[in-house]
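Student: Mind looking over this structure? Questions follow.
Please treat every number below as a calculation from the coordinates, not as lab data. This is a predicted model, so every value here is computed, not measured. Cβ placement follows ideal geometry from the backbone for every residue including glycine, while neighbour counts extend to all protein chains displayed.
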Amino acid sequence: MENENFLRGVQEADANGQVTFKTVYPGAYNGRWPHIHFEVFESMNNATAAGQVLAVSQIALTGAACREVYAVAGYETSARNFPNTTLQSDNVFGEDGGIYQLATMSGSVSGGYTAGLSVTI
């Protein structure tokens with residue numbers, strides 16, 4: 001949606017079951033490791049009509065990318081908060097250190113990052 005101030009969206013997977021989206025890099029807050037939430041629905045109709053959810057999870061972003069991003073102006077609060085939570089102490093990822101939710105990431109602050117995660121349904 002254009003002209004909205006929240007980061008929500010709905011997208012349909014391509015023929016390979018992949019979804020690509022652009023977003024701002026999430027900030028860090030105490031108690032949580034930087035992450036992006038997602039839900040998987042069987043169809044676009046189910047997604048837009050609040051139908052049955054097949055999976056709900058989060059993508060944990062890598063520490064290396066977080067440190068690079070949080071060194072940039074505008075992320076001062078995240079730079080202070082980020083060292084206070086580890087993947088192991090996070091209240092969601094802590095059970096297994098995020099092993100199944102940790103993204104593979106490439107890119108840079110100046111060029112943007114790509115985060116990938118395979119999700120089995």
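Student: Rg and Dmax of the chain, using alpha carbons, in Å: what are they?
Tutor: 15.3, 42
Student: Something else about it: Placing +1 on the Cβ of each Lys and Arg and -1 on the Cβ of each Asp and Glu in the chain, which of TYR70, HIS37, THR23 has its Cα farthest towards the positive end of the resulting dipole?
Tutor: Of the options given, the answer is TYR70.
Student: Could you give the dipole magnitude of the chain about its Cα centre, charging the beta-carbon of Lys and Arg +1 and that of Asp and Glu -1, in debye to the nearest 20? Please report the intermediate quantities before stating the final value.
Tutor: Working: 5 positive and 11 negative charges, 69 e Å.
Using only the charged Cβ atoms, the result is roughly 320 debye.
Student: Before rounding to the nearest 500, sum -39500 (n - 2.57) across all DSSP H runs of length at least 4 in the chain and divide by the residue total; then give [θ] at 222 nm in deg cm²/dmol. Could the numbers behind the result be given before it?
Tutor: On the way: 3 runs with 18 residues, N = 121.
Helices in the chain give a 222 nm mean residue ellipticity of -3500 deg cm²/dmol.
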